[in-house]
1. Of the conditions (1) part of a strand (DSSP E or B); (2) buried (at least 21 other Cβ atoms within 10 Å of the Cβ); (3) among the small types (G, A, S), G138 satisfies every one except a single condition; which number is it?
2. Any idea which of (1) at pLDDT below 95; (2) within 12 Å of the ligand (Cβ to nearest atom) is the one G102 doesn't satisfy?
3. Counting only residues that are surrounded by fewer than 22 Cβ atoms within 10 Å (Cβ to Cβ) and within 12 Å of the ligand (Cβ to nearest atom), which one in the stretch 41-53 is farthest from G95 (Cα to Cα)?
4. Can you tell me how many residues in the stretch 54-79 are open to solvent by 30 Å² or more (accessible area, probe 1.4 Å) and either more than 12 Å from the ligand (Cβ to nearest atom) or part of a loop (DSSP other than H, G, I, E, B) (or both)?
5. Residues that are farther than 30 Å from G138 by Cα and either open to solvent by 40 Å² or more (accessible area, probe 1.4 Å) or of a type in the set (F, W, Y) (or both), at least 1 per element: which helices (runs of 4 or more DSSP H) completely within the stretch 150-240 meet that?
6. Looking at the stretch 105-122, which of its residues are near the ligand (Cβ under 10 Å from one of its atoms) and assigned to a loop (DSSP other than H, G, I, E, B)?
7. What tally of residues in the stretch 183-231 results from selecting those that are of a type in the set (S, T, Y) and in contact with a Pro (Cβ under 8 Å, 6 or more places away or on another chain)?
8. Just to check your reading of the model, which residue among G95, G133, G85 is open to solvent by less than 20 Å² (accessible area, probe 1.4 Å) and in contact with a Leu (Cβ under 9 Å, 6 or more places away or on another chain)?
Amino acid sequence: MTRLDRVEQTSGPAGPPLTPRTAVVWSVLRAELDRRAAAELTVLDVGGGTGGFAVPLALAGHRVTVVDASPDALAALSRRAAEAGVPERVRAVQGDGDALAGLVEPASVDLVLCHAVLEVVDDPVPVVSALAGALRPGGAASVLVAGRAAAVLGRAMNGHLDVAAALAADAAGSAGPRDTLRRRFDAEAAAALLATAGLAVEEVHGVRVLADLLPAAVADGQLGALVELERTLAARSPWRDVAAQLHLFARRPA
Ligand SMILES: C[S@@+](CC[C@H](N)C(=O)[O-])C[C@H]1O[C@@H](n2cnc3c(N)ncnc32)[C@H](O)[C@@H]1O
C-alpha cells in the first residue's frame, strides 16, 4: 500500500474513501449514480482488484461483478465485501480482460469500470471493444489509464533523462522491456481508443495532477486542501494533461 492509499479522507460515514487517487473519479461517478438515483445498477469492474470501487458501489445498493486475473486480489475482494456486509452484491470472477467478451453477457451492464488495466493488457483494442459490448445502450464507461506526460516529467526530474527520452519517443509510451507498463496514453489517444469501440467520450479528467510531485509532509499534512486542488485542476488544461492518470467517462449511445 502506498502513502497516497494510506492517507484516506472519508467523505462521510457512508461515503467512499476520498484520496488524491480516487476523489476526481468518484466525483464523476457520483454524477452518473445520482442521474440514475432510483435504479439498482449492474456494474462490471474489469481488473477491479481488491474492490476499492466495487465494495463502495455495492454498499450504495448496486450489483457489481469484478473480473480480475489475480486469485489473491479476488480473495481479498470477497473478504472485503463480506466485512462490509455486502457479499451477495459482489461477484468475483477470475478471468483475463483480454478475453472479456467470453465472460460477460453482451449488453447486460449499466456501468463498466476499467481502472489502471489498459496499460498492462496484451492489446487494449479488444478489451475496450468488449467493455463497449458489455454495456447496455446508454450505459457508461469509467476508464482510467496511465498518462504519458507525467511519466516523462517524473523520470526527467529524477535524473533519468534516457528513460524520459525513451518514454517520450516510444509510440506506445513505454520505456522498453523493463518498464512495468506496456503503454501510456495522452488524452487524445485514449479518447480515440474508446471512440474506435463506438463509445462517446463525455468527460476527460486528470487524476493526481500534483499528488505525486509534492513532498510527503505537504501531501499528508494538507490532505483536504490537496484533494480540493486536485478536483479544481482535474478538468483544466494544461494541468489535466500532465496528471499521472487520465480518467475518461464515456457512454454507449442509446
Ligand atoms: C493496478 S491494479 C488496479 C486495480 C483497480 N482497478 C484500481 O484501480 O485500484 C490492476 C489490476 O488489474 C488486474 N489485471 C492485470 N492484468 C489483467 C488482465 N489481463 N485481465 C484482468 N485483470 C488484470 C490485476 O490483477 C490488478 O488487480
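1. The failed condition is (2).
2. Tallying (1) at pLDDT below 95; (2) within 12 Å of the ligand (Cβ to nearest atom), G102 fails exactly one: (2).
3. This residue is G52.
4. Going through the stretch 54-79 one residue at a time, the tally reaches 7.
5. Values: elements: 161-169, 187-196, 216-221, 223-233.
Once the helices (runs of 4 or more DSSP H) in the stretch 150-240 are filtered for at least 1 residues that are farther than 30 Å from G138 by Cα and either open to solvent by 40 Å² or more (accessible area, probe 1.4 Å) or of a type in the set (F, W, Y) (or both), what remains is 161-169, 216-221, 223-233.
6. A116, V117, L118, E119, V120, V121, D122
7. 0
8. Values: G133 fails: open to solvent by less than 20 Å² (accessible area, probe 1.4 Å); G85 fails: open to solvent by less than 20 Å² (accessible area, probe 1.4 Å).
Every option except G95 fails the conditions.
The values are calculated or read from the model by the stated rules, or taken from the named source; none is laboratory data. Not measured: the values here are computed from a predicted model. All Cβ positions, glycine included, derive from the backbone under ideal geometry; neighbour counts span all protein chains shown. Remember, those area values only see protein heavy atoms, side chains included, never the ligands or the DNA or RNA. Shrake-Rupley method; radii C 1.70, N 1.55, O 1.52, S 1.80 Å.
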